[in-house]
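S.K.: Quick one: this structure, given as structure tokens, is what I'll be asking you about.
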Amino acid sequence: MADSTIEDPKMVEDAEEVETSEDSRTPRSLDCRDSSKQEEPWAPLSMLPVPEPQDGWAFRWVRVAIRDEADNRNVSQKLRDGWIPVKLADHPNLQIIPDIDSRFEGNAVVGGLMLCKNIESRVKARSEFYRGQSQAQMEAVDGNYMRESDARMPMLQSERKTRVTFGDGT
């Protein structure tokens, strides 16, 4: 009778080779990349630098010139709205080279736009005011449209949703 503990010598050699090759490999869990070593893909920077956020302040680029002609009316309006020109010395991280013949000496001006700041609560209040104006106008248009509706042939409710599709789906 054959002893059940006797193994085929060929199978023993193959098993030893598999064990040594598995032992010499690095475990998969240690073979992953470190996320800090991965490089971010390159993308062009914005033409207008973004200032570091400050608590209580909102930033905005205000037009001071268009086609190399001063836009005093726009600048005056923004200053009356509470926008304050930002000094370049207050934001050295912007890395802006000032224009040689700039009318706004020491301010952050790039290509006819000047960086300004305003109190954040005032900016939110202004946005809410204009959002209310827009909503009232849309309700007036809807009311005027639906006034023509008849029970015998009702008009469809207007849909205020947008959809983006690509191609015809075939």
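S.K.: Restricting the search to the range 70-120, which residues are assigned to a helix (DSSP H, G or I), free of Cβ contacts under 8 Å to residues at least 60 places away in the same chain and closer than 17 Å to Gly56 by Cβ?
M.R.: Residue satisfying the conditions is Asp90 alone.
S.K.: Applying the selection to the range 50-60, what residues are more than 14 Å from the chain's Cα centre (by Cα) and within 14 Å of Asn93 (Cβ to Cβ)? If you could, list the steps in order and put the result at the bottom.
M.R.: Our first condition is that a residue be more than 14 Å from the chain's Cα centre (by Cα); within the range 50-60, this holds for 51-60.
Scanning the range 50-60 gives Pro51, Glu52, Pro53, Gln54, Phe59.
S.K.: Can you give me the number of residues within the range 59-114 that are among the β-branched types (Val, Ile, Thr), closer than 23 Å to Leu45 by Cα and surrounded by 13 or more Cβ atoms within 10 Å (Cβ to Cβ)?
M.R.: 6
FYI, it's all coordinate maths here, none of it is from the lab. Note that this is a predicted model, so its numbers are computed, not measured. Quick reminder, even Gly has a Cβ in these numbers, built from the backbone with ideal geometry, and neighbours come from all protein chains shown.
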